[in-house]
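*Asks:* I am attaching a structure below and will ask some questions about it afterwards.
Nothing in this text is a laboratory measurement; each read-out follows from the coordinates by a stated rule. All values derive from a computational prediction rather than experimental measurement. All Cβ positions, even for glycine, are placed from backbone atoms using ideal geometry, and neighbour counts span all protein chains on display.
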Amino acid sequence: MRVGVLTGGGDCPGLNAVIRAAVRVGARRYGHEHVGLRRGWRGLLERETTPLDRDVVGPLLARGGTILGSSRTNPFKEEGGGEECARAFADLGLDALIAIGGEDTLGVARRLHGELGLPVVGVPKTIDNDLSGTDYTFGFWTAVQIASDAIDRLHTTAESHDRVIVVEVMGRHAGWIALESGLAGGAHAILVPERPPSVAAVCERIRGRRERGRGYAIVVVSEGVELVGEADEGAVDEFGHRQLAKAGVADTLAERIEEETGAEARAVVLGHVQRGGTPVAFDRSLATRYGMRAAEMVAEGAFGRMAALRGERVVDVPLDDAVSALKTVPERVWERVEEVVAGP
Ligand code: F6P
């Protein structure tokens, strides 16, 4: 079989590890031949390919980013884009396609399979961890590690100056990165998009700390949190998503904290550093297991499905399960974390 491989959407640590495992297992166990499509769905539409064999993928396990490049191209944005994908698929002589991506990329994969019958399998990628159908997406724990390392460093400088530092993390409309990095980094308050933010409650906590002689505080805020009166429609990408970093929630929150508590406050936006560099061991291993499963799914003809982690097992689930609803932080999970974060 000739198998196309593409990576779409925001890059994420572990993409290359998936490619490596899918190519190694596909070639060795099943005799598959692989071809990389450049920059996500754009590479399919433009028929821009790059060779993928065992020599190319050999050194990729720990390498960040994606050797295939990525984009947020949405073929269904243009009339007839899906049919054009099907033509390109035939022109390139493909028998199957492995699409590695998040909600948007896998949403396209689902439609190409469901509406046009293309033999596509999916692999769940995103630092946001907001895909349903799987316990974890690869890349998430690397982003959490990067953010919690940063929070550790911010504690010492915040304490030295009796400052409040507001740390903005990524995650779009899911608060998983904020929750886990705030928990691991010992934040004094965590704001996630799933819960209406209360600036008053955060300020109250900061005042309480100051009264107890603790002049500093770390507040972790997810980029998707909308403070009352600060909603901003802004420009959107091809899938209709706003660039949330431009909303500047950390800056606004730091200003309000300063006004209401009198404490000196600073905002730190971690941004794309959370997506950069080598994956942590868990993500290398998970990405490898996903890549292996993707090769098996191609060989088994398990199309329209996505590799998924369920407990300790990597299984496969319908793409529908993955993209029909965002996986956000449930109330009960938030409450358990909040109990510890709120302190005495
Ligand atoms: O989905 C991954 C993600 O990093 C989000 O957390 C963030 O909102 C978005 O991508 C940023 O996108 P871009 O790289 O286009 O700025």
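*Asks:* With Cβ to Cβ distances under 11 Å as the rule, what net charge do the other residues near Gln145 carry (K, R +1; D, E -1)?
*Replies:* Result for the neighbourhood of Gln145: -4.
*Asks:* What is the packing order of peptides 272-279, 109-116, taking the mean over residues of other C-beta atoms within 10 Å and listing the highest first?
*Replies:* Descending mean neighbour count gives 109-116, 272-279.
*Asks:* What ranking of Ile218, Ile177 emerges when the number of other C-beta atoms within 10 Å of each C-beta is taken as an exposure proxy, fewest first?
*Replies:* By the 10 Å Cβ count, ascending, the order reads Ile218, Ile177.
*Asks:* Next question. When the chain is treated as a GNM, springs tying every alpha-carbon pair under 10 Å, which of Glu33, Glu300, Glu180 comes out with the largest mean-square fluctuation?
*Replies:* Glu300
*Asks:* Nearest 5 is fine: what % of DSSP beta bridges in the chain come out antiparallel, could you say?
*Replies:* So the antiparallel bridges amount to about 25 percent of the total.
*Asks:* Please report the net charge: other residues with Cβ closer than 14 Å to the Cβ of Val280, K and R +1, D and E -1.
*Replies:* 0
*Asks:* For a quick check: with amide H placed at 1.01 Å from N, whose amide H comes under 5 Å from Ala96's, ignoring anything fewer than 5 positions away on the same chain?
*Replies:* Arg2, Gly4
*Asks:* Could you run the Karplus curve 6.51 cos²θ - 1.76 cosθ + 1.60 with θ = phi - 60° over the stretch 47-52 and give me ³J(HN,Hα) per residue in whole Hz, x for Gly and Pro?
*Replies:* Working through the residues one at a time gives 6, 9, 10, 9, x, 9 Hz.
*Asks:* Taking θ = phi - 60°, what integer Hz values does the Karplus form 6.51 cos²θ - 1.76 cosθ + 1.60 yield along the stretch 144-156, in sequence order, with x for Gly and Pro?
*Replies:* Values per residue, Gly and Pro as x: 5, 5, 4, 5, 6, 4, 5, 4, 3, 5, 5, 4, 5 Hz.
*Asks:* Highest first, please rank the peptides 153-163, 183-193 by the mean number of other Cβ atoms sitting within 10 Å of their residues.
*Replies:* With the highest mean Cβ count within 10 Å placed first, the list reads 183-193, 153-163.
*Asks:* Extension gain Glu259-Arg332, at 0.36 nm per residue separation less the Cα-Cα distance, in nm?
*Replies:* Stretched fully, the Glu259-Arg332 segment lengthens by 23.1 nm.
*Asks:* Can you tell me how much longer the chain between Arg29 and Arg2 gets when fully stretched, taken as 0.36 nm per residue apart minus their C-alpha distance, in nm with one decimal?
*Replies:* Length gained, Arg29 through Arg2: 8.3 nm.
*Asks:* How high is the relative contact order of the chain, in percent, counting Cα pairs under 8 Å that sit 6 or more residues apart?
*Replies:* In percent, rounded to a whole number, it is 24.
*Asks:* What is the helix-to-structure angle for 103-116, meaning the angle in degrees between its Cα long axis and the longest Cα principal axis of the chain, kept from 0 to 90 and rounded to the nearest 10?
*Replies:* With both axes taken from Cα atoms, the answer is about 30 degrees.
*Asks:* Angle check, please: helix 249-261 long axis (alpha carbons) against the longest principal axis of the chain (alpha carbons), in degrees 0 to 90, nearest 10.
*Replies:* Here the helix axis deviates by roughly 10 degrees.
*Asks:* Another question, if that's okay. Would you mind checking the stretch 239-260 for residues with the amide N under 14 Å from a putative spin-label position 7 Å along Cα→C-beta of Arg207?
*Replies:* Residues 257-260 fall inside that zone.
*Asks:* Which value, in debye to the nearest 20, describes the size of the charge dipole of the chain about its Cα centre when Lys and Arg Cβ atoms bear +1, Asp and Glu Cβ atoms bear -1, and nothing else is charged?
*Replies:* For this selection, approximately 1180 debye.
*Asks:* Here's a follow-up. Please give the peptides 80-86, 42-48, 332-338 ranked by average Cβ packing (other Cβ atoms within 10 Å per residue), highest first, as a rough proxy for protection.
*Replies:* Per-residue mean Cβ counts within 10 Å order the peptides as 42-48, 80-86, 332-338.
*Asks:* In nm, to one decimal, how far is the modelled label at Ala342 from the one at Glu300, with both set 7 Å along Cα→Cβ?
*Replies:* Here the modelled spin labels are 4.5 nm apart.
*Asks:* Roughly how tilted is helix 281-300, in degrees to the nearest 10 and between 0 and 90, from the longest Cα axis of the chain?
*Replies:* 30 degrees
*Asks:* Can you give the relative contact order of the stretch 2-155 as a percent, counting alpha carbon pairs under 8 Å and 6+ residues apart?
*Replies:* 26 percent
*Asks:* Something else about it: Using a Förster distance of 45 Å, how high is the FRET efficiency between Glu115 and Asp162, based on the Cβ-Cβ distance and rounded to 0.05?
*Replies:* Between Glu115 and Asp162 the formula returns 0.15.
*Asks:* Considering only C-alpha atoms, what is the centroid distance from the stretch 311-334 to the stretch 188-255, in Å?
*Replies:* 26 Å
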